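The values are calculated or read from the model by the stated rules, or taken from the named source; none is laboratory data. Source: prediction; values computed, not measured. Methodologically, a virtual Cβ is constructed for each residue, glycine included, from the backbone with ideal geometry; neighbour enumeration extends over all protein chains shown.
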């Protein structure tokens, strides 16, 4: 493993540890790169209340385009061109499975799995389940 790759991995870990948003939801980071897996991780899992960010670490322009956009279906997200060093962020998505690709390089493919919002995030909004009255 090259030094640049180790440094990049280490900085990515630090970024994940240090990140967060005001409601306590941690960010999900996906790296866009020019070698397999082109989106790393190739299959990412998030909760419905988590922001997701794709970071273009390559030297080429790429997109993050939901497969539904390609088939003329429901286009839940489409980044448009992401320049090298830039990023694309989605604040939250409803639960579901979202296969996506780069519309410039269709062989680049990934999957985003979004699970229902976490109970702690729902509780922070002031909702209580049965039996929690008075808490």
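Things worth noting here:
- Of all residues making up segment 47-74, the number that are over 16 Å from the mean Cα position of the chain (by Cα) and at pLDDT below 95: 7
- Any hit, segment 1-14, residues being touching a strand residue (DSSP E or B) at 6+ places or on another chain (Cβ under 8 Å), surrounded by 14 or more Cβ atoms within 10 Å (Cβ to Cβ), within 24 Å of residue 101 (Cβ to Cβ) and at pLDDT below 95: yes
- Subset of segment 65-105 that is surrounded by 12 or more Cβ atoms within 10 Å (Cβ to Cβ) and without any contact (Cβ under 8 Å) to a residue 12 or more places away in the chain - its residue that is nearest to residue 52 (Cα to Cα): 75
- Matching residues, segment 52-82, being part of a loop (DSSP other than H, G, I, E, B) and in contact with a strand residue (DSSP E or B) (Cβ under 7 Å, 6 or more places away or on another chain): 57, 58, 61, 63, 64, 75, 76, 77, 79
- Condition broken by residue 25, with the remaining ones in (1) surrounded by 15 or more Cβ atoms within 10 Å (Cβ to Cβ); (2) out of contact with any strand residue (DSSP E or B) (no Cβ under 6 Å at 6 or more places or on another chain); (3) at pLDDT 95 or above satisfied: (3)
- Filtered residue count, segment 28-46, keeping only those that are buried (at least 18 other Cβ atoms within 10 Å of the Cβ), closer than 15 Å to residue 118 by Cα and either over 12 Å from the mean Cα position of the chain (by Cα) or touching a residue at least 60 places away in the same chain (Cβ under 8 Å) (or both): 1
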